[in-house]
C-alpha cells in the first residue's frame with residue numbers, strides 16, 4: 001500500500017495544483033518567488049541575480065501561462081553541471097547553476113536557469129528519471145532555455161527589464177540562443193523530421209541525452225518556432241509527467257500527455273504531436289476560433305524597388321495588399337507571417353518551403369510590368385499556399401493535383417474579388433479579360449455528383465505537378481463553392497495540419513483535414529468535399 005501511495009499521491013497533487021494554476025491562465029498566472037539563496041554571486045549581487053531569475057519566471061507566466069508549484073531557491077552547484085533537485089527544501093524547490101552563470105553573464109544564467117526552471121514546472125519530481133521518454137523532458141527543457149533567451153530578450157529590449165541598464169542587453173540574449181544550436185540539422189516538415197528521429201529513438205529511450213546532447217538540441221530547435229508562435233503550449237507541460245508509464249514509446253507518451261491535459265488546452269499537445277510527425281488520432285489541433293485570436297493582415301512588401309520592366313513597385317504592392325485584404329474580409333483568413341514578393345524568371349510562380357530570417361515568407365511571381373491581373377492571380381495562388389502552410393505537408397504526394405487546383409481556385413478568386421468591383425488597379429476590363437481567358441473551355445457541373453462522375457475516373461495520383469488543364473477544371477468547381485461560401489477559406493488554413501503520408505488517397509486527405517479543423521469549421525470541409533462528390537468522417 002505504501003508503494004501505491006508513493007506514486008499516486010504525487011500525481012493527484014500535480015493534477016490538483018496544475019488545475020489550480022490553470023484557472024488563472026491566459027497570461028494571468030502569478031509566478032512563485034525566485035531567490036538566490038546565498039550571500040554572494042560572483043561579480044554581481046544576489047539581489048540582481050534574483051531579479052534576473054524572476055524575470056525568466058515572469059516571462060513564462062506572462063506568455064506561457066505556466067509557473068512552478070513552489071517557490072524556487074537558486075544556489076551555486078558543487079557539481080560541474082546545473083541541476084534541478086527533486087527534493088523539497090526550505091519550503092521550496094532547488095535549482096543549482098554553474099560556471100559563467102555565477103556572476104553577471106546573464107545570457108548563460110538565463111540559459112541554465114531556464115532549462116532547470118522547466119524541469120521544476122513540468123513536475124519532474126512526480127516521474128523520476130527512470131523512464132523511456134526522459135529524453136523528451138530534457139528536450140523540452142533545452143527548448144525552454146532557448147525560448148527564455150528569446151522572450152526575455154524581447155522583454156528587456158522593450159524596456160521591461162528589472163534594471164534599466166539591461167535594456168541594451170536584450171538583443172544579445174536573442175543572439176545567444178542560435179549560437180547554442182549552430183550545428184543542428186533542420187527539417188522542412190513533420191515527415192522529414194519523423195524520418196530523422198525514428199531510427200534514433202531506440203538510443204534515446206536508453207539515454208536521456210544521446211549523441212552528447214546534440215539529439216535533444218536538434219529536436220528543441222525544430223520545436224522552437226512552434227513554441228514562439230504558440231507560447232500557450234507551455235501551459236500543458238505541467239501535465240507531461242501525470243500518469244507516465246516507464247516503457248511507453250514516444251507515440252504512446254504523447255497520447256498520455258494529451259489525455260492528462262485538460263480539454264480546454266489539449267489542442268496544444270495535439271499540435272506538438274502533429275508537428276513532430278506523430279499525430280494523435282481524433283485530436284483537434286487548435287482551439288475554437290470563437291476564442292482564438294482573430295487573424296490580421298501581416299505586412300506585404302515588395303522585395304525590389306522597381307517592378308521590372310516598366311511597372312511601379314508601389315502599385316504592385318497595392319495589388320497584393322488588396323488580395324490579402326479580400327481574403328481577410330471575406331474569408332477570415334490571413335498569412336501568419338509577413339510576406340515579401342519578388343519577381344522570378346522561372347516559368348511559374350512559387351513559394352519556397354523555408355522561411356527567411358524572422359519567419360518572413362517569400363512569394364515569387366512571374367508577372368512583369370503593369371500586368372496587374374496576372375500579379376493578382378499569381379499572388380493569390382501563392383498566398384493560399386502560405387496561409388495553408390503548404391510546407392507542413394509532404395513535398396511530393398499523391399494529392400498534389402488537389403493542392404495545385406486549390407491554389408488555382410484561390411488565384412481566380414483573388415482576381416474576381418479585387419478586379420471586378422470599384423477600385424480595381426488598372427480598371428475592371430483587364431481583370432475580366434484575364435479571368436475569362438482562364439475559364440474558357442472549363443466545363444460546368446450541375447453539382448457534386450455530376451462533378452464526381454467526371455473526377456473519380458480521372459484523378460491522377462502522381463508525384464509532381466499534374467497537367468494544368470485537369471487542375472483548372474477542378475479549380476473551376478472549387479471556385480464556385482468559394483464564391484458561394486467565401487468563409488470556407490478559413491478552413492483551408494488547417495489543410496496541412498495532419499497530412500503526413502505522401503501515399504494517402506484523396507478520401508484520406510479529406511478525412512484528415514476534417515479531423516484537424518475546429519468543430520465550428522467542419523461544415524466548411526464537408527461543404528468543399530460535397531461539392532466534389534465526397535463525404536468526410
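What follows is calculated from the coordinates using simple rules that are stated; it is not laboratory data. This one's a predicted model, so the numbers in the text were calculated from it and none came from an experiment. Note: ideal-geometry Cβ built from the backbone for every residue, glycine included; neighbour counts use all protein chains shown.
I want the antiparallel fraction of DSSP beta bridges within the chain, as a percent rounded to 5.
Here the antiparallel bridges make up roughly 30 percent for the chain.
When the Cα centres of segment 237-288 and segment 81-102 are compared, how far apart do they sit, in Å?
Between the Cα centre of segment 237-288 and that of segment 81-102, the gap is 29 Å.
Taking neighbour Cβ counts within 10 Å as the exposure measure, how do 122, 384 sort from fewest upward?
Ordered by Cβ neighbours within 10 Å, fewest first: 122, 384.
Could you calculate the contour length gain from residue 163 to residue 428, that is, 0.36 nm times the residue separation minus the distance between their Cα atoms, to one decimal place in nm? Provide the component values of the computation, followed by the final result.
Values: separation 265, 0.36 × 265 = 95.40 nm, distance 5.82 nm.
Extending this stretch completely gives an extra 89.6 nm.
On full extension of the chain, what length is gained from residue 98 through residue 62, given 0.36 nm per residue of separation minus the C-alpha to C-alpha distance?
Once the chain is fully extended between residue 98 and residue 62, it gains 10.3 nm.
Among 41, 372, rank each residue by its count of other Cβ atoms within 10 Å, from fewest to most, as a rough exposure measure.
By the 10 Å Cβ count, ascending: 41, 372.
Can you figure out the FRET efficiency of residue 312 with residue 436, using R₀ = 25 Å and their beta-carbon distance, to the nearest 0.05?
0.45
State the extension gain, in nm to one decimal, for the chain segment bounded by residue 366 and residue 338, taking 0.36 nm per residue of separation less the distance between their alpha-carbons.
Difference between extended and current length: 8.1 nm.
Relative to the longest principal Cα axis of the chain, at what angle does helix 214-229 sit, 0 to 90 degrees, rounded to 10?
In the chain, helix 214-229 runs at an angle near 60 degrees to the longest axis.
Identify the residues of segment 232-258 with backbone N under 20 Å of a label point that sits 7 angstrom from the Cα of residue 203 along the Cα-to-Cβ direction, or state none.
249-251
Can you tell me the orientation of helix 428-439 relative to the chain, as the angle in degrees between its alpha-carbon axis and the longest Cα principal axis, to the nearest 10?
90 degrees
Output the relative contact order of segment 122-231, whole-number percent, from Cα pairs under 8 angstrom with separation of 6+ residues.
Relative contact order, segment 122-231: 39 percent.
What's the FRET efficiency of residue 46 with residue 281 using the Cβ-Cβ distance as r and R₀ = 51 Å, to the nearest 0.05?
Values: r = 51 Å, r/R0 = 0.99.
Result of the calculation: an efficiency of 0.50.
How tilted is helix 2-22 with respect to the longest principal axis of the chain? Cα atoms for both, answer in degrees (0 to 90, nearest 10).
Between the helix axis and the principal axis of the chain, the angle is about 60 degrees.
State, to one decimal in nm, how far the label point of residue 508 lies from the label point of residue 484, with both points 7 Å from Cα in the Cβ direction.
Label-label distance for residue 508 and residue 484, simple model: 3.0 nm.
Report the label-to-label distance for residue 129 and residue 196 in nanometres (one decimal), using points 7 Å from each Cα along the Cα→Cβ vector.
Distance between label points: 2.7 nm.
Please report the relative contact order for segment 300-531, taking Cα pairs under 8 Å with a sequence separation of at least 6, and give it as a percent rounded to a whole number.
It comes to 21 percent, rounded to a whole number.
Place a point 7 Å from Cα of residue 456 in the direction of its Cβ. Which residues in segment 520-537 have their backbone N less than 19 Å from it?
Under 19 Å, as judged by backbone N against the label point of residue 456, lie 526-537 of segment 520-537.
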